[in-house]
1. Starting from the range 116-142, take each residue that is within 16 Å of F103 (Cβ to Cβ) and in contact (Cβ under 8 Å) with a residue 24 or more places away in the chain and list its partners that are of a type in the set (F, W, Y) and surrounded by fewer than 15 Cβ atoms within 10 Å (Cβ to Cβ), counting only C-beta distances under 7 angstrom and pairs at least six apart or across chains.
2. What about A139, is it more than 16 Å from T66 (Cβ to Cβ), modelled with pLDDT of 80 or more and surrounded by 20 or more Cβ atoms within 10 Å (Cβ to Cβ)?
3. Output the residues belonging to the range 26-58 that are without any contact (Cβ under 8 Å) to a residue 60 or more places away in the chain and part of a helix (DSSP H, G or I).
4. Do you know which residues across the range 62-111 are over 18 Å from T18 (Cβ atoms), β-branched (V, I, T) and assigned to a strand (DSSP E or B)?
5. Please pick out the residue among W10, W47 that is of a type outside the set (A, V, I, L, M), within 18 Å of A128 (Cα to Cα) and modelled with pLDDT of 80 or more.
6. Name the residue that is surrounded by the most Cβ atoms within 10 Å (Cβ to Cβ), counting only residues in the range 16-33 that are modelled with pLDDT under 85 and not hydroxyl-bearing (S, T, Y).
Amino acid sequence: MTSAQATADWPSENFETTWSAVSSAAPAGSFTSDYVAGVPVITRPDWAKIPEGSWVQVTGRLEQRTPLGAVHPDGEEWFVRTTAGDPIAVYVMTNQQYSVGTFVSLLGRDAGTIRLINRAGVLQEYPAVIARPLERAAAQALHPEARATPREIPVEFIAIAGVVVLIAGWMFVRVLSKRATSRGMSQIHAVAERARALENHP
């Protein structure tokens, strides 16, 4: 991918409106857990069916970052390869250092699609998002299943399991006892047979 926009009307009015909305939502820089708790977020977006104005989470590997320069001195153009394998153009407001190749998580708003000339010189459309980084705790809060603690085991289940274990143990002891008794009786019979044999053959 390259950072050269293929359209002469970029950034559009919609882009600027969305940029302002994201900027005002997190004026301090990164999105926090408190903010995430108060807004609905699409954590696994279908880029072809995102309702207008929705907040979306972008999670994946940072493949490229380029300053926006005069267009937005406070921003960068990132290309993020999501966990689903999709390349996303993300326009980020940040002064933090993120190394290419690292795993990133961001919160932003859908900005439609943008046409860019890729590294092979081909004009291609990419989903575009205007975003800011998520604090680690905020990213985890969007996926409670990833940090869920094990469920408590019901007391009834523990009681039933205990009874089953006791019954199994009792049956095991009975089997061992029968085997031991059977072995002992066999030995007694063998001794008796030997004694009779000796009596019959003085």
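1. As it stands, the answer is none, since no pair meets every condition given.
2. On the way: more than 16 Å from T66 (Cβ to Cβ): yes; modelled with pLDDT of 80 or more: yes; surrounded by 20 or more Cβ atoms within 10 Å (Cβ to Cβ): yes.
For A139, the condition - more than 16 Å from T66 (Cβ to Cβ), modelled with pLDDT of 80 or more and surrounded by 20 or more Cβ atoms within 10 Å (Cβ to Cβ) - is met.
3. Restricting attention to the range 26-58, the residues satisfying the condition of being without any contact (Cβ under 8 Å) to a residue 60 or more places away in the chain are 27-28, 34, 38-40, 42, 44, 46, 48-49, 51-55.
Scanning the range 26-58 gives a single hit, D34.
4. T66, T82, V104
5. Values: W10 fails: modelled with pLDDT of 80 or more.
Testing whether each residue is of a type outside the set (A, V, I, L, M), within 18 Å of A128 (Cα to Cα) and modelled with pLDDT of 80 or more leaves just W47.
6. Going through the qualifying residues, I end up with F31.
The values are calculated or read from the model by the stated rules, or taken from the named source; none is laboratory data. What you are looking at is a predicted structure, and each value in this text was computed from that prediction instead of being measured. Don't worry about glycine lacking a Cβ; one is built from the backbone with ideal geometry, like all the others, and counts go over all protein chains shown.
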